[in-house]
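The values are calculated or read from the model by the stated rules, or taken from the named source; none is laboratory data. Small disclaimer: the values here were computed from a predicted structure and weren't measured. Using ideal geometry, Cβ is built from the backbone for each residue, glycine included, and neighbour counts are taken over all protein chains shown.
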Ligand SMILES: NC(=O)c1ccc[n+]([C@@H]2O[C@H](COP(=O)([O-])OP(=O)(O)OC[C@H]3O[C@@H](n4cnc5c(N)ncnc54)[C@H](O)[C@@H]3O)[C@@H](O)[C@H]2O)c1
Ligand SMILES: N[C@@H](CCC=O)C(=O)O
């Protein structure tokens, strides 16, 4: 019997033994840099002339790997491979599919630090963030494997005398999985695995900046026993193969995680029924956020300050869940801001290969430029309290930045920056705090620091986000504990790591037999 799901514990890097092991993993990954990675279509390795160079965002000169890029012809080849593989894979027993996942999870657990070390090098994640990303990937695999074992039983329905009714779930078909750079292992693996364990076959297009860790994961899934053609690995440019596959008449569903701009584009294009298409495509789209930490007048102010700081600056603010705005009751505003500023000043920014680095780089030049542009906007919209500087000479480093006295309707309060910048806004009372909390197009995460039960209950009902946290920060959802996904322009609220997630990859079939 499969043991009960429990989330993968995080590594304690205060323990010197763990530090040594992680250092060894980094050294090993250093010996692996600069390799080339092919597409994998129906198990066949295909090298293309056009390749993307994946670099270390902390050190632009360091190449993590060269990764082949698919064109439309190869995307078509991958589609055909996935269509063919679907014929057999959909008939596999759920237990057999789940067992491949459980094996993969065990293998990934054994190579945990190695995968995390790739995340340090390719995504610029500090050790603890990399470790959490790998742990979450393991969690998704373990959790979805178990969910499938339940879902395969179907749901009970009533039958009249002489009749036998059944209600079961069947897979959809070929899915296109498009993943973002910021959880290059967890979200890539979680979205891919959910589609596969439910009996679909997939085309996996990883993020442009982080294809190597995805390639390593695909290799691992092959080693775990995944049959050829079930997972086809096709890195490529969104504008070339992304649009092509989203519009393809044989695409049955698209599972996208990324920006609002691209998500909306996919949603619109997938909705158009193409010639030869015999279904309405499903789209799972998990998009951006503009997430808020609210601080009530009676909150624990130390906890409030640390919740603001760690929600804003974890992984350099590059989380859809990042607390990029703080709304503070006017009675405690000055005190909380002072604590936020002094805590921010203690954060060590630098190369994430060093164990004591709190914040590494942002992902690439375009991101660096965008964040620096928002810092300029912030200077005109409020008071720069700390940070504000960036240096992209060797890597893409931006100092953790806090702006105070930002008006509730300022751009810094409304637009996703996706970097280490937090806007702080003063509120008159709890009503005003809730009004500000709901004043964006997004609805992903939020946190409320309060010791007033009535206010907590009002927020529970009236703070319109998919993931709402009380007396803690607004990042760090755990698979199976805090299913994750947002409202409004944050996406389709798919709730990754939740009990309903796999159903999005299946359709229900009713059968009724007369005896
Ligand atoms: N809601 C969530 O669960 C969640 C989780 C992680 C990240 N995000 C969001 O993701 C964004 C950051 O990630 P990103 O910068 O990688 O996002 P992005 O939208 O730039 O890219 C995401 C993926 O879409 C692909 N893509 C680009 N153009 C495409 C097209 N025309 N057709 C198909 N695919 C295309 C990219 O190559 C990449 O693989 C942020 O907005 C963040 O909030 C959301
Ligand atoms: N699930 C992650 C965020 C994923 C998006 O970037 C969290 O809860 O912090």
*Any residue in region 242-257 that is out of contact with any strand residue (DSSP E or B) (no Cβ under 7 Å at 6 or more places or on another chain) and either within 16 Å of ligand 2 (Cβ to nearest atom) or on the phi > 0 side of the Ramachandran plot (or both)?*
no
*Just a yes or no: is a residue in region 125-138 touching a residue at least 60 places away in the same chain (Cβ under 8 Å), over 21 Å from residue 481 (Cβ atoms) and assigned to a strand (DSSP E or B)?*
no
*Considering (1) within 12 Å of ligand 1 (Cβ to nearest atom); (2) assigned by the TED database to the domain that holds residue 437; (3) in contact with a helix residue (DSSP H, G or I) (Cβ under 6 Å, 6 or more places away or on another chain), say which one residue 475 fails and leave the rest.*
(2)
*For region 178-220, name all the residues that are within 16 Å of ligand 2 (Cβ to nearest atom) and either part of a strand (DSSP E or B) or over 21 Å from the mean Cα position of the chain (by Cα) (or both).*
178
*Given region 383-490, what helices (runs of 4 or more DSSP H) lie entirely inside it while holding 2 or more residues that are in contact (Cβ under 8 Å) with a residue 24 or more places away in the chain and closer than 16 Å to residue 295 by Cα?*
430-437, 453-462
*asked:* Any residue that is within 16 Å of ligand 2 (Cβ to nearest atom) and under 30 Å from residue 201 (Cα atoms) - is there at least one of those in region 432-442?
replied: no
